[in-house]
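Student: Before I ask anything, let me first share the structure, which is written out below as structure tokens.
The values are calculated or read from the model by the stated rules, or taken from the named source; none is laboratory data. This is a predicted model, so every value here is computed, not measured. All Cβ positions, even for glycine, are placed from backbone atoms using ideal geometry, and neighbour counts span all protein chains on display.
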Amino acid sequence: MVNALQTFAYGILGDQLKSHREKYYGLRQDLLKTRMETTFEMYLATTLVCAVLAGALGTIIAIIIVHVFGSLNVITVSLSILIGIGFCMLTYLGFLVYPSLVAARRKRRIDAVLPYAINYIAAMAGAKVIPADVFRSLAKADIYGDVAVEARYIVRDIDLFGRDLNTAVKNVAATTPSMRLQEFLYGVITTSTSGGELEPYFRIKAEVYANENRLAQKEFIETLGLIGEMYVAAFVAGPLLLTIMLSVMLMLSGGAPRPLYLITYFLIPLGGAVTILATKMTTPRA
């Protein structure tokens, strides 16, 4: 949905940014992969306006803080302006990076459900449903998440723009964030143009992707087991042995139990946090 800020920004800068399309080629590709309902010119115009507003706001806040807790002079005002410029640059860079992050998240989601979506496609093709209607049916199946979203763009090109199936599939293959889906769609085009049967191709690809998913899950389970073993060795058995040794030494020497506090309140919680973080980083995300 286009909001008032986007409309305002595009009205000011939209025409001037059309000549910068080549310079921001990467951003344009990332925007296509996100399926965000905005044009390149509108997104970049919004980026620039938000960056300027963030810079102005950062400068004003810095000046207010300096005025309340210190004194305004040339140095503090200059420093406030530098802070505002920093806010401006961070906002600008954040907007430029954001589409690539969205595209990466969509890639993970597509790859996670792609084997099941292709199984669905193979079943539809086995029922002698024509390819265009197969993608129409997939587009309506929200259970397949972002794969269904990609199918909707194929259907849009066919029904709204009047393109043939191969052209529509090629357009989506060129802009999808998932290399696996891209490979599958280009295979659809090759099989179709060479006169081959699509149903056997769908079934073969469904089996291939299912096997890849099983291997990925097996590797994840093995990695999870390794993380568990490291946690037990480093943050359960290790601190327990260290606690016993220090307790005996402190009893004999009559020293303060500060090392035990360090183990109890710092080392063990740190170990748990590190393990949770490692598990989260290695867990496949949909």
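Student: Name the pairs: first residue in the stretch 204-221 and of a type in the set (A, V, I, L, M, F, W, C), second residue not in a helix (DSSP H, G or I), Cβ to Cβ under 8 Å, at least 6 apart or on different chains?
Tutor: Listed by first residue and then by second, the contacts come to Ala216/Pro284; Phe220/Thr283; Phe220/Pro284.
Student: From Tyr231, Tyr265, which residue is outside the structural domain of Ala123 (by TED's automatic domain parsing), assigned to a helix (DSSP H, G or I) and within 30 Å of Leu101 (Cβ to Cβ)?
Tutor: Tyr231 is the lone residue from the list that is outside the structural domain of Ala123 (by TED's automatic domain parsing), assigned to a helix (DSSP H, G or I) and within 30 Å of Leu101 (Cβ to Cβ).
Student: From the list Ala103, Ala117, Ala112, exactly one residue is at pLDDT below 90 and in a helix (DSSP H, G or I). Which is it?
Tutor: The match here is Ala112.
Student: Select the helices (runs of 4 or more DSSP H) contained entirely in the stretch 1-72, then report the ones holding at least 1 residues which are at pLDDT below 85 and in the same structural domain as Leu93 (by TED's automatic domain parsing). Give the steps one after another, and end with the answer.
Tutor: Numbers: elements: 4-17, 25-34, 40-69.
Counting at least 1 such residues, we get 4-17, 40-69.
Student: Regarding the stretch 214-225, can at least one residue be identified that is in a helix (DSSP H, G or I) and under 30 Å from Lys128 (Cα atoms)?
Tutor: Yes, there is a match, as at least one residue in the stretch 214-225 is in a helix (DSSP H, G or I) and under 30 Å from Lys128 (Cα atoms).
Student: State yes or no: is Tyr186 of a type in the set (Phe, Trp, Tyr) and at pLDDT below 85?
Tutor: no
Student: So the check is Cβ under 9 Å with 6+ separation or different chains; which pairs have a first residue in the stretch 125-149 that's within 18 Å of Lys205 (Cα to Cα) and in contact (Cβ under 8 Å) with a residue 24 or more places away in the chain and a second one that's part of a loop (DSSP other than H, G, I, E, B) and among the hydroxyl-bearing types (Ser, Thr, Tyr)?
Tutor: Filtered contacts from the stretch 125-149: Val147/Ser178.
Student: Considering only the stretch 120-149, how many residues are within 27 Å of the chain's Cα centre (by Cα) and part of a helix (DSSP H, G or I)?
Tutor: 16
Student: On the given criteria, is Val188 touching an Asp or Glu at 6+ places or on another chain (Cβ under 7 Å) and part of a helix (DSSP H, G or I)?
Tutor: no
Student: So, one more: Is it the case that Asp159 is in contact with a Lys or Arg (Cβ under 9 Å, 6 or more places away or on another chain), surrounded by fewer than 18 Cβ atoms within 10 Å (Cβ to Cβ) and either free of Cβ contacts under 8 Å to residues at least 60 places away in the same chain or outside the structural domain of Leu53 (by TED's automatic domain parsing) (or both)?
Tutor: Yes: the conditions hold for Asp159.
Student: With the condition kept exactly as written, say whether any residue in the stretch 98-106 is surrounded by 14 or more Cβ atoms within 10 Å (Cβ to Cβ), in contact with a Leu (Cβ under 8 Å, 6 or more places away or on another chain) and in the same structural domain as Ala54 (by TED's automatic domain parsing).
Tutor: Looking through the stretch 98-106, at least one residue is surrounded by 14 or more Cβ atoms within 10 Å (Cβ to Cβ), in contact with a Leu (Cβ under 8 Å, 6 or more places away or on another chain) and in the same structural domain as Ala54 (by TED's automatic domain parsing).
Student: Would you check which residues across the stretch 40-83 are over 36 Å from the mean Cα position of the chain (by Cα) and not aliphatic (A, V, I, L, M) and list them?
Tutor: His67, Phe69, Gly70, Ser71, Asn73, Thr76, Ser78, listed by residue number.
Student: Moving to a separate point now. Which of the residues spanning the stretch 169-219 are more than 29 Å from Leu27 (Cβ to Cβ) and acidic (Asp, Glu)?
Tutor: Scanning the stretch 169-219 gives Glu197, Glu199, Glu207, Glu212, Glu219.
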